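Q: Supplied in structure tokens, the structure appears directly below.
The values are calculated or read from the model by the stated rules, or taken from the named source; none is laboratory data. Please read all numbers here as calculations on a predicted model, not as lab measurements. Here the Cβ is made from the backbone with ideal geometry for all residues, glycine too, and neighbour counts use every protein chain on show.
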Amino acid sequence: MIHLKYPDLFKFRHDSKMRHHLANTFLSITFLASIPWMIMIVPVGLILGGIRAIFGPKPAGRPEKLAKSMPDDDSGISAESAESENSEAATTTTSPNSSENSEDEKEDPPQIFDFKLVTVKQKHLELSENLGVLISEYVARLQKTPVLVTLRDVATLTNVTSSAENTARIPYKKRKMKVMLIPIESISEILEHSKESDGSPVMIYLLEEMESIDILTENRKFVNEIKEIMSENGEMETLDKSTSEFLMIKKDALVWINSGY
């Protein structure tokens, strides 16, 4: 059994404390010194990755580049495709008339009317001798049905006899508005007789589909439209509201609403 004297015991305790403090100091310094390196791991990794991406070896080329670098084994196929393209070009150049004919079929009808004033929905014309004939040809070609709308006596506008089958009467301000189905040939005489108008507008609707005059006058939209036009005496703002195609005849001028030209 070892017996230490008091001085030796004090010296032993002092040395052990010093070693303990030195060990703690070394660990603390090591930990503190490693903190900056731990913080720099992420940015340094990103920087190194960027440098590698910029200056590192390039990846393999895209399939398009590989296809260009491959030997031209399909020269025969490409030659055949070139020949077919040349033959198609030759056929298109040698037959221009066929393409022109197909384009002509899709073109709008030729401009045969001398419009004096054109707005978005209104085209104005002066009444002339052959205007009724031109409009009648247009209506016949497009197979439209003309319907006369007027407050005047029908007999003063056309020689066609009014009957229950072709005429409907709509009450309007103590008067009767006549809605009459007319033949295409009557358009010319209506334009001619409208020059002697009493000031009230005369309209000729050009309808694409119509079963009968009674069904037409049961259409509230149509009835409200013609009543509004009559009440406003054919003002331009009122005409712009319509989606139908019709002729508005006022003395020596004609307004074509929603014309096909």
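Q: From the set of residues in region 159-210 that are over 22 Å from Y138 (Cβ atoms) and of a type in the set (A, V, I, L, M), which is modelled with the lowest pLDDT?
A: Filtering first and then ranking leaves A164.
Q: Within region 116-142, can you find the residues that are free of Cβ contacts under 8 Å to residues at least 60 places away in the same chain and either of a type outside the set (A, V, I, L, M) or within 21 Å of K251 (Cβ to Cβ) (or both)?
A: K116, L117, V118, S128, E129, N130, V133, L134, S136, E137, R141
Q: For region 243-258, how many residues are at pLDDT 85 or above, farther than 16 Å from P146 by Cβ and among the small types (G, A, S)?
A: Count: 0.
Q: Could I ask something else about it? Could you tell me which numbered condition R141 fails, if it satisfies all but one of (1) among the basic types (K, R); (2) over 37 Å from the mean Cα position of the chain (by Cα); (3) surrounded by fewer than 18 Cβ atoms within 10 Å (Cβ to Cβ)?
A: In the conditions (1) among the basic types (K, R); (2) over 37 Å from the mean Cα position of the chain (by Cα); (3) surrounded by fewer than 18 Cβ atoms within 10 Å (Cβ to Cβ), R141 misses (2) alone.
Q: Can you say whether P183 is assigned by TED's automatic domain parsing to the domain that holds I135, in a strand (DSSP E or B) and free of Cβ contacts under 8 Å to residues at least 40 places away in the same chain, as far as the supplied structure shows?
A: No: the conditions fail for P183.
Q: Scanning region 166-196 for residues that are of a type in the set (K, R) and over 20 Å from L134 (Cα atoms), which turns out nearest to the chain's Cα centre (by Cα)?
A: Filtering first and then ranking leaves K178.
Q: Go over the candidates S163, S244 one by one and state the one that is polar (S, T, N, Q) and either more than 32 Å from the chain's Cα centre (by Cα) or buried (at least 18 other Cβ atoms within 10 Å of the Cβ) (or both).
A: Exactly one of S163, S244 is polar (S, T, N, Q) and either more than 32 Å from the chain's Cα centre (by Cα) or buried (at least 18 other Cβ atoms within 10 Å of the Cβ) (or both), namely S163.
Q: Right, next: Of the residues I215, I229, which is over 12 Å from V149 (Cβ atoms), among the hydrophobic types (A, V, I, L, M, F, W, C) and in a helix (DSSP H, G or I)?
A: Selected residue: I215, the only one of I215, I229 that is over 12 Å from V149 (Cβ atoms), among the hydrophobic types (A, V, I, L, M, F, W, C) and in a helix (DSSP H, G or I).
Q: So, I215, is that one on the phi < 0 side of the Ramachandran plot, without any contact (Cβ under 8 Å) to a residue 12 or more places away in the chain and among the hydrophobic types (A, V, I, L, M, F, W, C) or not?
A: Criteria met by I215.
Q: (1) among the aromatic types (F, W, Y); (2) in a helix (DSSP H, G or I); (3) closer than 26 Å to K116 by Cβ: which one isn't true of W256, the others all being true?
A: (2)
Q: Something else: Listed residues E237, E185, E208; which is out of contact with any strand residue (DSSP E or B) (no Cβ under 9 Å at 6 or more places or on another chain) and exposed (fewer than 12 other Cβ atoms within 10 Å of the Cβ)?
A: From the options E237, E185, E208, the qualifying one is E237.
Q: Tell me which residues, restricted to region 168-182, are in contact with a Ser or Thr (Cβ under 9 Å, 6 or more places away or on another chain) and more than 14 Å from Y205 (Cβ to Cβ).
A: R169, Y172, K173
Q: When region 124-159 is examined, which residues are found to be assigned to a helix (DSSP H, G or I) and farther than 27 Å from K173 by Cβ?
A: L131, G132, V133, L134, I135, S136, E137, Y138, V139, A140, R141
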